Amino acid sequence: MFGSAVQIDDLGVRRALGGGKIEQVAWKDLVEVQIVTTDEGPFVDYVFYLLIGAGHTGCVVPQEDPTSGALLTRLQALPGFDNGKVIEAMGCAENARFVCWKKT
């Protein structure tokens, strides 16, 4: 992959999709972080960060995206973020969801 359609900044996360569509979530609106795995890897994207925001906002970031390392670092700064779920998800090769953080 050359470059990234994902932008991470102090306001939130934004992902440009085909056809001019945009997914985005503001940090202030973030209510839940999940890691979703599929059984389709390893030759296609099969691990995704699912950022769920209030008001039907959200963004999906593939782990293969060049920004995913910076995203994970940012997410790990959330109070109560569960790194154990990240480790569990990274070892999973089936369809599953791992809740890493919920706003309290």
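The values are calculated or read from the model by the stated rules, or taken from the named source; none is laboratory data. As the structure is a computational prediction, the values presented were derived from the model and not from experiment. Because the Cβ atoms are built from the backbone with ideal geometry, glycine has one as well, and the counts that use them run over all protein chains shown.
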Take the conditions among the aliphatic types (A, V, I, L, M), under 12 Å from the mean Cα position of the chain (by Cα) and at pLDDT 95 or above and apply them to VAL31. Does it pass?
no
Answer yes or no as to whether VAL25 is free of Cβ contacts under 8 Å to residues at least 60 places away in the same chain, part of a strand (DSSP E or B) and hydrophobic (A, V, I, L, M, F, W, C).
yes
Six or more apart or on different chains, Cβ atoms under 6 Å: show the pairs whose first residue is in region 89-102 and free of Cβ contacts under 8 Å to residues at least 24 places away in the same chain and at negative phi and whose second is surrounded by 13 or more Cβ atoms within 10 Å (Cβ to Cβ) and assigned to a helix (DSSP H, G or I).
none
So, in region 58-77, how many residues would count as being in a loop (DSSP other than H, G, I, E, B) and in contact (Cβ under 8 Å) with a residue 40 or more places away in the chain?
4
Looking at GLY80, GLY41, GLY55, which is the one that is over 12 Å from the mean Cα position of the chain (by Cα), part of a loop (DSSP other than H, G, I, E, B) and modelled with pLDDT of 95 or more?
GLY80
